[in-house]
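Participant: Mind looking over this structure? Questions follow.
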Amino acid sequence: MSLLHDLSKDRRVVVYAAAVVLALIFIAVFGLKFGLDLEGGSYLQLQLQGAVAQVDVSPEKILEAQFNGTSVEKHGDSYFVTVQGKVDSTLADDLGYSGAKIVERDNTSKVTIIASPETVITNYLKKSLDADVRIVSVAPVKYEIRTNVSRDSLNLILAPVGGSVPAGEDAFVDGVTADTVDETKKVLDSKLNRLGLQDIKVRIVDNKFILIDLAGMDVATAQDVVGKPGKFEIRIQTENNQTVHVLYGDAVESVDIPQGDRQGGWGVPFMLSEEGAKVFQKAAIDAGATKNPDAHYISMYLDKDEIFSAPLAAELAGSLAKTPVRNLEARVGSGDAGSQKAKELYIHLREGALPVNVEVVGSGQVSAALGKQFKVQMVIAGLIALLAVAGMIFYRYREKRVVLPMITTSLSEVVMMLGIWALAGWQLDLASLAGIIMVIGTGVDQLVIITDELIRGGEASSLERSIKERAAEAAAKAGTAIAPTSSKVYLGRLSRAFSIILGAAATTVVAMLPLLYMGFGALTGFALIIILGVFLGVAIARPAYGRIIGHILGTS
Amino acid sequence: MELEDIISKYPPRQIILLPIVIIVLALISLGVTYLNTGSPVHLGIEFTGGTLVTVPQTGTEDTVRSQFEGYPLVDVRNIGSRYMLQFGPMSDSDYARLAKQVNEKYEGAEIKHMGPIYSKELQAQVIRYLPISFLLMAVVVFLVFREPIVSLLVIISAIADILIAAASMNLTGVQLSLGTVAALLMLIGYSVDTDILLSMRVLKRKGAVDEKIVGAMGTGLTMTGTTIAAVLSLIIVSNFLYFIIPSFSRMDVIADMSTVLIFGLAADVFNTWVTNAQGLRWYMNRPGKATRRQKK
């Protein structure tokens, strides 16, 4: 048969055949993965609460208010706060200024604080909001506030110290930075991995929402797992290479964002509760660590995994011999490796607590049995759809030679889509299966356009004649002597068909674009598979179909 | 075919009244719903917030009701082999308790919880994205035709499709859900398909306008026919299969989606072959316009 021979020379047909074979290989090798709603499991949709804001406020006024001082002066790197009467020695520590010096003279105290203006503002916001605050850009200085805060509530907090959020959209933006979203995702990843859970998917949507899929788990358990902190423990090495328990995570009052020092070393500052500091001091003295700090490692564990181990620092040992110390720092090393380690330790020290306040905005579960049933139902729907579409086409063309290539092309489009899905490792959920059925519907539409353009089926006054007759006429017009693929008439019609198809395909794609972002990712699969189907159809399947159907009509 | 007769027998001015009346009726339906509920279509649970639970049928509806007495149970529906329970908004701790209780009592329960932030955000998204979709579609149509009147006719037909589909949601009691929003967006794509085909055929081919319209109808109706066939199979499987095979259950998302699509596609047949076609007839047969067209 010359049909196969002729077609095998056509570039479009070859590309098409190769694509289908490749897709089949992908499906066979990588296999298809199904989404949560077909496999069973639960999902959580979390919103990260926070804002990035600029503030207009004077650090001097903040310090004056915080220390109840009479005057504040700034010289170089330091602020000097003058206070009437005595200043509680722990006040500076509580406010976050651990290196502050207090000198008392004639019923006035002078507090010396080494801090930049931004540090003062950050500390003030932290204290007032009871949340982490971080500087995320320098010019202008923007603060990321990692808790639920509005422009009004922030203004309310700044009002007592004569500050405000400057006017303008840019000065207060809801949501946290991409870095923070990423960090939150990492915390969740590491936490869920440590619990030994399989098949966890943590996704970010719209830079604001985090979606977690937990296979084979009901939603009540899922919420517990994600919300529950890990078990943190500090142990100290005793004389004979043994370790003893010192503190649990409840004694750690706060953990600060990792800080680098001038020598490039990295550490994670954290603060113990008053009670915890006393216990820590006692344990260090009992173990003999205050006398010989190098031989006494302080180790930290999270869910029994060691996350930090280093000898007690000499200067800390000196202080501990005299008094409890609340502000500690876990030093991890220097350079990029140190910075990385510090970030990990920071996550662990917080016992897997998320860096940002999150709110569960939605959640749910599907049982495995129900998922399986949905899968079966969708396969049935797909088959019925294909049959119905085939019936519809047969009703119009009454010609096997048109119906068969159409249905085959439509099926092969589905195969190509699934091939890409398998290659990318994306999951097929209920909505994307519905999307496939929609693509069958639209794909066949476009094949109808091509076929009709070629056989001039839509030509006026030809309604009484059967398509078969018109097909024969088309063959005559195209001329069996010259190969139809090179006929000008044929190519002209094909290009007209494609201008209609491209217009229709483009509108479908743009209509689907919003769905990629809407609904917290629930319809991403649906939109993606339709867009992909349209592209594959227009670029690969339909050009080949145009050639094939041209040949069939031309050589008959 | 009656539709074909209508196309050529009466002058466009008379026939165009029909779509105008239908669009006005659709607008009235949307307007009345807006006045009553504050939005042009009834909002589903995803937009109002709440919890949906489906459980296997083990007892009567009343026993299920009594099991969840302490919670804001709004509605219980029989969906094949399962009951679907709809709860109103509740606190996080109540929801956690409910989820535990459901899983203790039932094997294989399905739960969907939508908090207030979820629904608020979703509403904002729809308001933000639906017009963008429409605008992009309009841009594409203009790029395809580069003729303001022809493009406008296509866009008007698409708008009419969406309006009629939305109004039909009010008539059939389908609520706006994520699935139905997706369906409305799909309709933008579907409706423009046949309109582009029609306009291309009328603009680019030689011959009398009425004959070209009738010719395009053959192709266009087949196209819509195949799509309707695909959507009908979705309706049957998601909505009715559980009557025949009792172990199956209703697939809400798919059912709502396909219901909206079927109405939209029906509206599309009307709007393409009446609204758009009559518009084209009038445009092409305008004095002075026709001669210029014929030369091409």
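Participant: On a 0 to 90 degree scale, rounded to 10, what angle separates helix B:178-204 from the longest Cα axis of chain B?
Facilitator: Relative to chain B, helix B:178-204 is tipped by roughly 10 degrees.
Participant: Output the peptides A:406-413, B:261-268 sorted from most to least packed, where packing is the average of other Cβ atoms within 10 Å over each peptide's residues.
Facilitator: On the way: A:406-413: 21.5, B:261-268: 24.1.
Highest to lowest by the protection proxy: B:261-268, A:406-413.
Participant: Can you list residues whose amide H is under 5 Å from A:Ile307's amide H, if they're 5+ apart or on another chain and H is modeled 1.01 Å from N?
Facilitator: Placed amide hydrogens put A:Met300, A:Tyr301, A:Leu302 under 5 Å from A:Ile307.
Participant: Report, in degrees rounded to the nearest 10, the 0 to 90 angle that the Cα long axis of helix B:148-172 makes with the longest principal axis of chain B.
Facilitator: The helix B:148-172 is inclined about 30 degrees to chain B.
Participant: Which far-off residues, 5 or more places away or on another chain, put their amide H under 5 Å from the one on A:Glu329, with H placed in the peptide plane?
Facilitator: Close amide H contacts, sequence-distant or interchain: A:Phe270.
Participant: Take A:Ile455, A:Ile549, B:Ile132 and order them by how many other Cβ atoms sit within 10 Å, fewest up front.
Facilitator: B:Ile132, A:Ile549, A:Ile455
Participant: Here's a follow-up. What are the membrane-span-like helices in chain A by this rule: whole DSSP H runs, Cα extent along the axis at least 30 Å, mean Kyte-Doolittle hydropathy at least 1.0? Please list the in-between numbers first.
Facilitator: Values: long enough: A:368-397 (43 Å, 1.28); A:400-424 (36 Å, 1.30); A:430-455 (38 Å, 1.65); A:488-512 (36 Å, 1.15).
Helices meeting the criterion: A:368-397, A:400-424, A:430-455, A:488-512.
Participant: In addition: For chain A, what is the mean residue ellipticity at 222 nm derived from helices alone (per DSSP H run of n ≥ 4: -39500 (n - 2.57); sum divided by total residues; nearest 500 deg cm²/dmol)? Spell out each step's value before the answer.
Facilitator: On the way: 19 runs with 275 residues, N = 556.
Helix contribution divided over all residues of chain A: -16000 deg cm²/dmol.
Participant: Here's something else I'd like to know. Checking the cross-link filter: which lysines have an alpha carbon closer than 18 Å to that of A:Lys208, excluding same-chain neighbours under 8 positions apart?
Facilitator: Excluding near neighbours in sequence, the set is A:Lys185, A:Lys186, B:Lys120.
Participant: Can you tell me the 0 to 90 degree angle between the C-alpha axis of helix B:252-270 and the longest principal axis of chain B, rounded to 10?
Facilitator: Orientation of helix B:252-270: about 20 degrees from the principal axis.
Participant: While we're on this one: When only C-alpha pairs under 8 Å and at least 6 residues apart count, what is the relative contact order of chain B, in percent? The partial results should precede the final answer.
Facilitator: Details: 368 pairs, mean separation 73.5, N = 296.
Reported relative contact order: 25 percent.
Participant: Need the list of aspartates and glutamates near A:Lys372 for cross-linking: C-alpha distance under 20 angstrom, and skip anything on the same chain fewer than eight residues off.
Facilitator: The reachable aspartates and glutamates, counting only those whose Cα sits under 20 Å from A:Lys372, are A:Asp37, A:Glu39, A:Asp199, A:Asp213, A:Asp218, A:Asp429, B:Glu107, B:Glu110, B:Asp252.
Participant: Can you tell which of B:Val24, B:Ile213, A:Leu513 lies farthest toward the positive end of the dipole of the protein assembly as shown, using +1 and -1 charges on the Cβ of basic and acidic side chains (Lys, Arg; Asp, Glu)?
Facilitator: Toward the positive end, the furthest listed residue is B:Ile213.
Participant: Using only the alpha-carbon atoms of segment A:10-74, report the extent along each of the three principal axes, biggest first, to the nearest angstrom.
Facilitator: Sorted from largest, the Cα extents of segment A:10-74 read 87, 38, 16 Å.
Participant: Measure out, as a whole number of angstrom, how far apart the alpha-carbon centroids of segment A:373-394 and segment B:176-233 sit.
Facilitator: Result: 21 Å between the Cα centres.
Participant: List A:Glu183, A:Glu73, B:Glu121, B:Glu110 from most exposed to least, where exposure is judged by having the fewest other Cβ atoms within 10 Å.
Facilitator: Values: A:Glu183 18, A:Glu73 11, B:Glu121 21, B:Glu110 24.
The most exposed by this proxy come first: A:Glu73, A:Glu183, B:Glu121, B:Glu110.
Participant: Mind checking the mean number of beta-carbon atoms from other chains within 10 Å of the Cβ atoms in B:43-55?
Facilitator: Numbers: counts 0, 0, 0, 3, 0, 0, 2, 0, 3, 1, 2, 3, 1.
For this peptide, the per-residue mean of nearby foreign Cβ atoms is 1.
Participant: What average count of beta carbons from other chains do you get within 10 Å of the Cβ of residues in B:176-183? Let's see the in-between values first.
Facilitator: Values: counts 0, 1, 8, 7, 0, 5, 15, 2.
Per residue, the number of nearby Cβ atoms from other chains is 5 on average.
Participant: Please give the peptides B:147-154, B:229-236 ranked by average Cβ packing (other Cβ atoms within 10 Å per residue), highest first, as a rough proxy for protection. Working shown, then result.
Facilitator: Details: B:147-154: 19.2, B:229-236: 22.5.
Most protected by this proxy first, the peptides run B:229-236, B:147-154.
Participant: Additional query: Longer than 23 Å from Cα to Cα, which of A:Lys33/A:Lys375; A:Lys126/A:Lys322; A:Lys61/A:Lys127; A:Lys127/A:Lys304 are they? Say none if no pair is.
Facilitator: Details: A:Lys33/A:Lys375 12 Å; A:Lys126/A:Lys322 30 Å; A:Lys61/A:Lys127 15 Å; A:Lys127/A:Lys304 32 Å.
Pairs exceeding 23 Å: A:Lys126/A:Lys322; A:Lys127/A:Lys304.
Participant: Kindly put B:Ser247, A:Ser432, A:Ser273, B:Ser168 in sequence by how many other C-beta atoms sit within 10 Å of each C-beta, fewest to most. The partial results should precede the final answer.
Facilitator: On the way: B:Ser247 10, A:Ser432 25, A:Ser273 16, B:Ser168 20.
Ascending number of Cβ neighbours within 10 Å: B:Ser247, A:Ser273, B:Ser168, A:Ser432.
Participant: Would you mind checking which residues have amide H under 5 Å from A:Ala522's amide H? H placed 1.01 Å from N; only 5 or more apart, or other chain.
Facilitator: none
Participant: For chain A, what D do you get in µm² per second when you plug the Kirkwood radius from alpha-carbon pairs into Stokes-Einstein at 37 °C and 0.692 mPa s? Mind showing how you got there, number by number?
Facilitator: Working: Rh = 29.2 Å.
Translational diffusion coefficient: 112 µm²/s.
Participant: Using only the Cα atoms of chain B, build the gyration tensor, take square roots of its eigenvalues as a ≥ b ≥ c, and label the shape rounded, prolate or oblate: rounded if a/c is under 1.5, else prolate if a/b is larger than b/c, else oblate.
Facilitator: On the way: a/c = 3.07, a/b = 2.37, b/c = 1.30.
Prolate, because a/c is 1.5 or more and a/b exceeds b/c.
Participant: Here is a follow-up. Direction-averaged shadow area of the convex hull around the Cα atoms of segment A:187-344, nm²? Working shown, then result.
Facilitator: On the way: hull surface 45.9 nm².
The Cα convex hull of segment A:187-344, projected and averaged over all directions, gives 11.5 nm².
Participant: Looking only at B:Ala216, B:Ala26, B:Ala124, which one moves most when chain B is put into a Gaussian network model with springs between Cα atoms under 10 Å?
Facilitator: Its mean-square fluctuation being the largest, the pick is B:Ala124.
Participant: Here is a further query. Residue by residue through B:235-245, how many Cβ atoms from other chains fall within 10 Å of the Cβ on average?
Facilitator: Values: counts 1, 5, 11, 5, 0, 0, 4, 2, 0, 0, 4.
So the per-residue partner count for this stretch is 3.
Participant: Where does each of A:233-244, A:338-349, A:392-403 land if you order them by average Cβ count within 10 Å, highest first? Can you show the working numbers first?
Facilitator: On the way: A:233-244: 15.3, A:338-349: 20.7, A:392-403: 18.1.
So the order, starting with the most tightly packed, is A:338-349, A:392-403, A:233-244.
None of the figures in this text is laboratory data; all of them are computed from the coordinates on show. Predicted model, so just to flag it, every value in this text is computed and none were measured. Reconstructed Cβ throughout: ideal geometry from the backbone, glycine too, with neighbour counts over all protein chains shown.
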